[in-house]
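**Student:** Below are the structure tokens for one structure; questions will follow.
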Amino acid sequence: MKKISLIAVLMSIMIMAASAFCFAEGGFDLVSSYPEDGQTNTSMENLGVKLTFSSAMNSKEATAANADKFTIYDEDGAEVPIQVLFSDKDKGLVLVLADVDKGFTAKNNSEYKLVISGDLVDNDGNTLGADKTVTFKTYNQRVNNIVNMVMMFVMFGGIMVLSLRQNNKEQEDEEPKDAPKEQAFNPYREAKKTGKSIEEVKAEQAKKEAKEAKKKARKKKTQAPPEKKIENCAELLNNVYHVHAPAPVNKADRSIEALRAERKSSKNKSSNTKRK
């Protein structure tokens, strides 16, 4: 009985050790990536991939060992120059960016592939075990330009239509709704209707038009009275004097007292002339 119990305990210990070993081997893995594998219309600026792993990789030993474990290829199979950044704060965060300082320029509507080596290790020495790939495609700049142009034309066209509608609405609001529409005068139809001659109908229409013109002229006068012109502003404003004639050029005194004296003498001369 004791032997059976001992065997059972030993077996359970072996199973737990094996399961712990399995979990340790399978605990390090790629959790997510941005862009995701197979994603299209990705940005051409700052081309790269943001990776999140299940365990940290920021120790000096791990960063040194993992420096050459990431590679990006273009659609022609050429290797893209990259720089790998390991995060000190976020667990398992790694940025693999194309190095523009080394002359790299992303291509329009082109496919790129990131390859992660299976030899990638975390801080505890666990390896990834198998290669991982993330494939993504940049957006089509030509199609985006066409779409932007179409949207711009549609927007401007909508603005013009709205402006025309607003102008038509304002004109309709200004015109009275119950105003009768004037019809072109037809002397032949009027003569047929009244039984008069065409000459009589034309003469009556001319008199009617002349009468309407006079009526409109009188209405215009009553609505807009003529502006009153001020002939002598000296009568309305203080310290403003009416000058009958310009002073001679060779006259030296231009003061207000001199002008007052000149004005007084001119008044005296005019009064003496009237008495005579």
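**Student:** For the stretch 106-119, what are the residues that are assigned to a loop (DSSP other than H, G, I, E, B) and either among the acidic types (Asp, Glu) or in contact (Cβ under 8 Å) with a residue 24 or more places away in the chain (or both)?
**Tutor:** ALA106, LYS107, ASN108, ASN109, SER110, SER117, ASP119
**Student:** Further question on the same structure: For the stretch 112-138, which positions are closer than 18 Å to LEU97 by Cβ and not aliphatic (A, V, I, L, M)?
**Tutor:** Residues satisfying the conditions are TYR112, LYS113, SER117, LYS132, THR133, THR135, PHE136, LYS137, THR138.
**Student:** Next question, about the same structure. Going residue by residue through the stretch 14-28, is there one that turns out to be modelled with pLDDT of 85 or more and either hydrophobic (A, V, I, L, M, F, W, C) or surrounded by 11 or more Cβ atoms within 10 Å (Cβ to Cβ) (or both)?
**Tutor:** Yes, some residue in the stretch 14-28 is modelled with pLDDT of 85 or more and either hydrophobic (A, V, I, L, M, F, W, C) or surrounded by 11 or more Cβ atoms within 10 Å (Cβ to Cβ) (or both).
**Student:** Further question: Checking ARG142 against (1) buried (at least 16 other Cβ atoms within 10 Å of the Cβ); (2) part of a helix (DSSP H, G or I), which test does it fail?
**Tutor:** Of the numbered conditions (1) buried (at least 16 other Cβ atoms within 10 Å of the Cβ); (2) part of a helix (DSSP H, G or I), the odd one out for ARG142 is (1).
**Student:** A follow-up question, please. Suppose the filter is surrounded by 13 or more Cβ atoms within 10 Å (Cβ to Cβ), modelled with pLDDT of 80 or more, outside any loop (DSSP other than H, G, I, E, B) and not assigned by TED's automatic domain parsing to the domain that holds THR71; does GLU209 pass it?
**Tutor:** Considered against the rule, which asks whether it is surrounded by 13 or more Cβ atoms within 10 Å (Cβ to Cβ), modelled with pLDDT of 80 or more, outside any loop (DSSP other than H, G, I, E, B) and not assigned by TED's automatic domain parsing to the domain that holds THR71, GLU209 comes out as no.
The values are calculated or read from the model by the stated rules, or taken from the named source; none is laboratory data. These numbers come from a predicted model, not from an experiment. Counting neighbours? That spans all protein chains shown, and the Cβs are built from the backbone with ideal geometry, glycine included.
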